[in-house]
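Worksheet for the structure shown next.
The values are calculated or read from the model by the stated rules, or taken from the named source; none is laboratory data. Keep in mind that this is a model prediction, so the values were computed, not measured. Cβ coordinates were reconstructed from backbone atoms using ideal geometry, including for glycine residues, and neighbour counts include every protein chain displayed. Note: accessible area is taken over every heavy atom of the protein model, side chains too, but ligands, DNA and RNA are not part of it. Shrake-Rupley method; radii C 1.70, N 1.55, O 1.52, S 1.80 Å.
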Amino acid sequence: MTRLTPADLEAARDRLVPDVVADGLSVLFCGINPGLMTAATGHHFARPGNRFWPVLHLSGFTPRLMKPSEQGELPSLGLGITNVVARATARADELSAEEYREGGRLLAAKVKRLRPRWLAVVGVTAYRAAFDDRKAVVGPQTRTFGTTRVWVLPNPSGLNAHWTVHTMAEEYGRLRDATA
């Protein structure tokens with residue numbers, strides 16, 4: 001991986017990170033918003049401490065541990081990635097409540113257009129904020145978008161100390177089993 005300077009990361013705040021999507025995916029994973037490393041590289045979940053890629057593999061969604069730079073292979077596996085909010089930040093707590101609500105509205109429209117079987121929001125706090133569902137917990141939700149069902153997963157950020165790689169992989173694996 002190319003070494004990025006603080007100036008590179010700061011400049012990344014203005015970059016949009018393209019979704020990795022296709023029509024009719026099995027699961028569309030939805031992050032909170034791009035981090036600065038993701039925005040700088042253009043690869044989702046690119047920060048070295050993020051556990052998304054190892055958890056995706058350990059849960060059985062991918063046949064091998066993939067690198068963020070290999071994200072383009074996901075649609076061939078029936079998987080995709082998007083975000084609730086498009087704006088890149090150093091931390092998710094830099095986002096406003098209005099950004100979450102608007103992001104939820106835009107995400108719902110995107111999901112209705114793309115029609116994945118499952119929308120998997122990685123982060124219960126983001127899901128609660130985007131869809132005004134203060135009681136949501138990790139796991140399947142009653143909410144649907146058209147025919148798309150919703151599952152809330154633990155946030156794979158290294159800052160989420162409540163979940164280990166293995167306990168996250170178990171929860172992601174529950175979703176994988178539901179897609180079978």
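The table below gives the values:
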{"read-out": "Charged-residue dipole, Cβ positions (Lys, Arg, Asp, Glu), the chain about Cα centre, Debye nearest 20", "value": "380"}
{"read-out": "The range 131-175 versus the range 25-88: alpha-carbon centroid distance in Å", "value": "15"}
{"read-out": "Highest average packing first - 32-40, 137-145, 98-106, Cβ atoms within 10 Å", "value": "32-40, 98-106, 137-145"}
{"read-out": "Relative packing of 62-68, 119-125, 167-173, 87-93, which averages over residues the other C-beta atoms within 10 Å, highest first", "value": "119-125, 167-173, 87-93, 62-68"}
{"read-out": "The range 1-91 - percent of accessible surface contributed by carbon and sulfur, probe 1.4 Å", "value": "54"}
{"read-out": "Over the chain, equivalent-ellipsoid semi-axes from the Cα gyration tensor in Å", "value": "23, 19, 16"}
{"read-out": "Dipole magnitude of the range 91-180 about its Cα centre (Cβ charges: Lys, Arg +1; Asp, Glu -1), debye to nearest 20", "value": "500"}
{"read-out": "Computed FRET value (nearest 0.05) for T164 with D19, which takes r as the C-beta separation and R₀ as 30 Å", "value": "0.60"}
{"read-out": "Cα lying deepest toward the dipole's positive end in the chain, options L107, G24, I81, charges on Cβ", "value": "G24"}
{"read-out": "For the chain: accessible area per residue (Å², 1.4 Å)", "value": "50"}
{"read-out": "Expected 222 nm ellipticity per residue - DSSP helices of 4 or more, -39500 (n - 2.57), all of the chain, to 500", "value": "-10000 deg cm²/dmol"}
{"read-out": "Two-site label geometry, A178 and E70: point separation in nm, points 7 Å out along Cα→Cβ", "value": "2.7"}
{"read-out": "Dipole moment magnitude, nearest 20 debye, the range 29-104 about Cα centre, only Lys, Arg, Asp, Glu C-beta charged", "value": "280"}
{"read-out": "Positive-end residue, the range 37-180 charge dipole about Cα centroid, Cβ charges, pick of H162, V138, S96", "value": "V138"}
